[in-house]
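Chemist: The structure follows.
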Amino acid sequence: MRYITTPIYYVNDVAHIGHAYTTIIADTFARFYRLKGHETYFLTGTDEHGQKIEQAAKLKNFTPKEYADEISAEFKKLWDEFDISYDKFIRTTDENHTLSVQKAFSKMFEKGDIYKGVYEGFYCVSCESYFTQTQLVNGCHCPDCGKKTELLKEESYFFKLSNYQDKILKWYKEQEPIIPKNKASELINFVEGGLKDLSITRTSFEWGVKLPKELNDDKHVVYVWLDALMNYISALGWGNDGQNMKFWPAHIHFVGKDILRFHAVYWPAFLMSLELPLPKFIAAHGWWTKDGEKMSKSKGNVISPKEVVDIFGLESFRYFLLREVPFGNDGDYSQKALITRINAELSNELGNLLNRIIGMSAKYSQNIIESKNVQEFFNEELKECQAYLQNAISFLENIQPNRYLEELFKALALANLSISKYEPWNLIKNNENAKANALVALCANILAKVSILLFAAMPKTSLKIAKALSFEISTLNYKKIIEENKLLNFKTQICEVLFPKIESKEENKQESKQQEQQTTNLAQIKIDDFKKIEIKVALVKECENIEGSEKLLKFKLELENGEIRQVLSGIAKFYKANELIGKQVCVITNLKKAKIFGHESQGMILSAEKNGKLTLISPESFIENGALIG
Ligand SMILES: [Zn+2]
């Protein structure tokens with residue numbers, strides 16, 4: 001059983017890169033365990049109670065519930081768009097959750113872990129919040145708004161956190177649940193410093209879970225942290241039908257480092273009071289900055305995960321987040337770093353390897369790859385690959401996703417290097433066909449093994465590779481080719497380019513609004529400037545798709561006196577190759593020759609494009625081929 005959770009996200013904010021990061025990491029682990037054959041439950045959701053929500057709703061003239069409904073739905077929509085494989089999306093306003101919180105409160109009360117007392121704290125009237133002395137600025141001022149606070153007393157229920165101090169320390173020492181490990185010492189110091197009993201109700205606002213009826217105390221609502229933490233078990237049916245409690249205890253609670261204390265001190269104490277087992281890992285990640293600066297609304301540099309995904313694709317975004325930062329450290333998001341990873345790793349190592357395998361198998365063995373001779377010729381490489389894969393698994397199990405990806409890419413590099421080292425084209429020339437085919441099979445097996453393990457991080461990419469090599473990403477194959485280290489045979493088929501290289505032009509798309517204006521105000525030119533461009537009418541004699549590209553068509557164009565030119569054009573999404581044969585098009589004929597995808601292009605076919613539509617430019621009536629346009 002593997003139970004994986006994200007924190008529930010507070011509905012006072014829209015989703016930013018930090019939310020996406022936690023959720024994508026948790027999704028990666030859920031996918032990994034599912035594929036490995038564990039029964040897995042993946043929970044995410046929203047935290048919807050508390051004074052801040054009550055206030056924010058008032059400002060918008062909403063009820064707190066209406067307000068929470070709206071923001072919660074936005075989170076859910078984004079995770080659905082990102083194909084997050086959660087099993088349940090919990091909301092703390094769900095009726096079952098409320099019942100579960102009240103049950104927990106009753107149980108702790110009956111046990112003697114909750115008592116009624118007086119809460120004393122420094123109260124900021126304009127923020128309607130209490131602060132402890134240590135939180136205050138300049139002795140007595142509110143850390144949020146800077147106004148002077150007053151020492152106030154309020155009736156409150158308390159949880160006897162002090163009862164659990166020793167047990168929490170024992171848990172840290174025996175089980176080592178805190179990831180990364182260096183965060184544990186801070187917590188140990190904090191707990192050893194002495195735990196004060198925790199105020200777990202409030203009377204200053206209403207938007208929260210009421211106390212259980214039998215306490216007959218309407219004024220109080222349950223403090224948001226007790227309410228929120230309970231989601232991890234209420235989601236499994238604790239205090240209700242209990243139908244998914246078989247998944248408890250959680251395998252990993254993923255949290256941001258700011259809420260580690262709540263999860264590593266209060267939560268285990270609540271669980272012990274409820275006599276439930278404690279989670280296996282609490283894994284705290286760091287923050288993201290943008291180009292070295294902290295993100296904030298006022299700076300206007302907050303990264304919208306949706307915008308990045310719209311431009312660079314979900315799979316690249318997932319890869320970048322998981323790969324860029326050692327888990328637990330702070331990370332920096334920059335478009336440049338993302339593009340470098342796409343070009344150098346996803347395109348050069350991963351996408352390129354698939355292309356090479358497809359190309360070689362088509363040339364040497366009619367798309368059939370047989371693995372019978374791999375061990376004979378390449379046993380060392382197989383062993384090396386297996387070592388990388390074992391490392392990758394062990395890094396992932398120990399919650400170091402960046403190192404897991406690093407190891408997988410070492411395996412890919414091994415395959416790519418083997419091709420340059422053994423030069424299959426020369427093997428074929430020298431009639432060493434068996435060895436050449438074994439080399440292709442080695443590479444295909446490495447790529448297949450990597451794809452199975454990469455599925456957790458980049459599910460869509462792995463499925464595309466599996467389709468191109470005709471094998472299945474499945475638990476059965478996980479056992480067979482990862483655990484038992486078996487080799488597969490393959491039949492290859494053409495596949496779109498997995499990660500087209502990002503050219504500098506596209507790099508700037510995200511910040512291109514200004515540039516767009518500039519291009520519409522192009523400098524004026526003289527007629528002589530225009531005359532430098534030679535445009536002619538040409539007849540399409542042949543037209544075909546280019547292997548490995550979903551964009552490009554290759555044309556043979558006839559100009560005057562039967563001259564034939566080869567021109568490539570990126571219009572395959574708009575036209576089928578065969579429907580263009582026999583048409584006349586307009587082509588720039590004095591453009592410098594270029595090589596695209598290994599094919600030479602001697603010109604450029606003119607077309608018009610707007611709002612995702614494209615049409616070729618043709619003469620209005622037939623005219624002789626080679627006619628000059630001007
Ligand atoms: Zn204040």
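Chemist: Could you please let me know if residue 190 is open to solvent by 40 Å² or more (accessible area, probe 1.4 Å), more than 16 Å from the ligand (Cβ to nearest atom) and of a type in the set (Phe, Trp, Tyr)?
Modeler: So residue 190 fits the description; yes.
Chemist: Another question, then. If a residue must be modelled with pLDDT under 90, acidic (Asp, Glu) and within 13 Å of the ligand (Cβ to nearest atom), how many such residues does segment 136-170 contain?
Modeler: 1
Chemist: Next up: In segment 236-262, which residues are part of a loop (DSSP other than H, G, I, E, B), open to solvent by less than 10 Å² (accessible area, probe 1.4 Å) and on the phi < 0 side of the Ramachandran plot?
Modeler: Scanning segment 236-262 gives 236, 250.
Chemist: Being open to solvent by less than 20 Å² (accessible area, probe 1.4 Å) and under 30 Å from residue 454 (Cα atoms) is the requirement here; does residue 265 meet it?
Modeler: No, not satisfied.
Chemist: Let me ask you something else. Is one or more of the residues making up segment 100-116 within 16 Å of the ligand (Cβ to nearest atom) and of a type in the set (Gly, Ala, Ser)?
Modeler: No, the conditions are met nowhere in segment 100-116.
Chemist: Next up: Under 7 Å between Cβ atoms, at least 6 apart or on separate chains: pull out the pairs that start in segment 124-146 with a residue that is in a strand (DSSP E or B) and of a type in the set (A, V, I, L, M, F, W, C) and end on any residue that is at pLDDT 85 or above and more than 8 Å from the ligand (Cβ to nearest atom).
Modeler: The qualifying pairs are 124/131; 131/121; 131/122.
Chemist: Need the failing condition index for residue 272 against (1) assigned to a helix (DSSP H, G or I); (2) touching a strand residue (DSSP E or B) at 6+ places or on another chain (Cβ under 7 Å), just the number.
Modeler: All conditions are met except number (2).
Chemist: Here is a check on your reading of the model: is residue 614 in contact with a Phe, Trp or Tyr (Cβ under 6 Å, 6 or more places away or on another chain) and in a strand (DSSP E or B)?
Modeler: Here the answer is yes, as residue 614 does meet what is asked.
Chemist: (1) assigned to a strand (DSSP E or B); (2) over 24 Å from residue 196 (Cβ atoms); (3) β-branched (Val, Ile, Thr): which one isn't true of residue 118, the others all being true?
Modeler: The number of the failed condition is (2).
Chemist: Name the residue that is surrounded by the most Cβ atoms within 10 Å (Cβ to Cβ), counting only residues in segment 564-613 that are in contact with a Leu (Cβ under 9 Å, 6 or more places away or on another chain) and at positive phi.
Modeler: Result: 603.
Chemist: Looking at (1) under 25 Å from residue 42 (Cα atoms); (2) not assigned by the TED database to the domain that holds residue 219, can you tell me which one residue 90 breaks?
Modeler: Failing condition for residue 90: (2).
Chemist: Quick check on segment 525-542. Is at least one of its residues within 30 Å of residue 355 (Cβ to Cβ) and open to solvent by 70 Å² or more (accessible area, probe 1.4 Å)?
Modeler: yes
Chemist: Please find, among 401, 424, the residue that is of a type outside the set (A, V, I, L, M), open to solvent by less than 10 Å² (accessible area, probe 1.4 Å) and more than 22 Å from residue 488 (Cβ to Cβ).
Modeler: 401
Chemist: Determine which single condition residue 302 fails, assuming it passes every other condition in (1) among the hydrophobic types (A, V, I, L, M, F, W, C); (2) surrounded by fewer than 19 Cβ atoms within 10 Å (Cβ to Cβ); (3) assigned to a helix (DSSP H, G or I).
Modeler: Every condition holds for residue 302 apart from (3).
Chemist: A further question follows. Hey, among the residues in segment 315-346 that are open to solvent by 40 Å² or more (accessible area, probe 1.4 Å) and among the polar types (S, T, N, Q), which one's farthest from residue 464 (Cα to Cα)?
Modeler: Per the criteria, the residue is 329.
Chemist: Which is open to solvent by 10 Å² or more (accessible area, probe 1.4 Å), farther than 20 Å from residue 363 by Cα and β-branched (Val, Ile, Thr), of 502, 482, 452?
Modeler: 502
Chemist: Shifting gears a bit: For segment 118-162, enumerate the residues that are over 40 Å from the mean Cα position of the chain (by Cα), under 30 Å from residue 274 (Cα atoms) and surrounded by 12 or more Cβ atoms within 10 Å (Cβ to Cβ).
Modeler: Within segment 118-162, 119, 120, 121, 154, 155, 156, 157 meet the criteria.
Chemist: I need the full set of residues from segment 178-224 which are in a loop (DSSP other than H, G, I, E, B), among the hydroxyl-bearing types (Ser, Thr, Tyr) and over 36 Å from the mean Cα position of the chain (by Cα), in order please.
Modeler: Residues satisfying the conditions are 203, 204.
Chemist: Can you confirm whether residue 358 is touching a His at 6+ places or on another chain (Cβ under 8 Å) and among the β-branched types (Val, Ile, Thr)?
Modeler: It is false that residue 358 is touching a His at 6+ places or on another chain (Cβ under 8 Å) and among the β-branched types (Val, Ile, Thr).
The values are calculated or read from the model by the stated rules, or taken from the named source; none is laboratory data. Bear in mind the structure is a predicted one, so any value in this text is a computation, not a measurement. Ideal geometry is used to build each Cβ from the backbone, glycine not excepted, and the neighbour counts take in all protein chains shown. These area figures cover heavy atoms from the full protein model, side chains too; ligands, DNA and RNA do not enter into them. Shrake-Rupley method; radii C 1.70, N 1.55, O 1.52, S 1.80 Å.
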